[in-house]
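The values are calculated or read from the model by the stated rules, or taken from the named source; none is laboratory data. Remember, it's a predicted structure, so these values are computed and weren't measured experimentally. Methodologically, a virtual Cβ is constructed for each residue, glycine included, from the backbone with ideal geometry; neighbour enumeration extends over all protein chains shown. These area figures cover heavy atoms from the full protein model, side chains too; ligands, DNA and RNA do not enter into them. Shrake-Rupley method; radii C 1.70, N 1.55, O 1.52, S 1.80 Å.
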Amino acid sequence: GGRDIEIVHYLDNPPDVDTIQMLIATIDGTPADLVRLDDGLSATGVTAEQLAHPESVVKVLLAAPELLQRPLLSDGRRTVIGRPTERISEMLDD
C-alpha cells in the first residue's frame, strides 16, 4: 500500500519529546519495550521503577537516545520493534 514509513537514524537525529511520546503511545507492547536492555538493566543505569512509567521512559530516552530499541518501525498509528525481522514484514503487509 501507499504508506509513509519514516526511517529515523536516531543517533544522528535523536528523537524529541513528541516523537518519544508518539512511540510510547503506539508501541505494540509496553513503554519499557522501547528501552534496550541488551547489557542488562544495571549496565544502563536505568531502574525498573523508571521503566514502569511512560513519563520516566521519555526522560530515559531523551537522556540516552542510544538506549532506544532498534530497528523501530512506526507509521504514527502503530509502532513495532523490527526484531525478529518477520515483524517488519508483518507491519508492511498490514
- Does segment 61-94 hold any residues that are hydrophobic (A, V, I, L, M, F, W, C) and more than 18 Å from ASN13 (Cβ to Cβ), and which are they? VAL80, ILE81, ILE88, MET91, LEU92
- Filter segment 18-30 for residues that are open to solvent by less than 30 Å² (accessible area, probe 1.4 Å) and touching a helix residue (DSSP H, G or I) at 6+ places or on another chain (Cβ under 9 Å) and give the result. ILE20, LEU23, ILE24, ILE27
- Task: From the list LEU41, LEU37, LEU11, pick out the single residue that is over 10 Å from the mean Cα position of the chain (by Cα), open to solvent by 30 Å² or more (accessible area, probe 1.4 Å) and touching a residue at least 40 places away in the same chain (Cβ under 8 Å).
- Result: LEU11
- helices (runs of 4 or more DSSP H) completely within segment 28-94 that count 3 or more residues being at pLDDT below 85 and farther than 16 Å from ASP18 by Cα: 41-44, 86-93
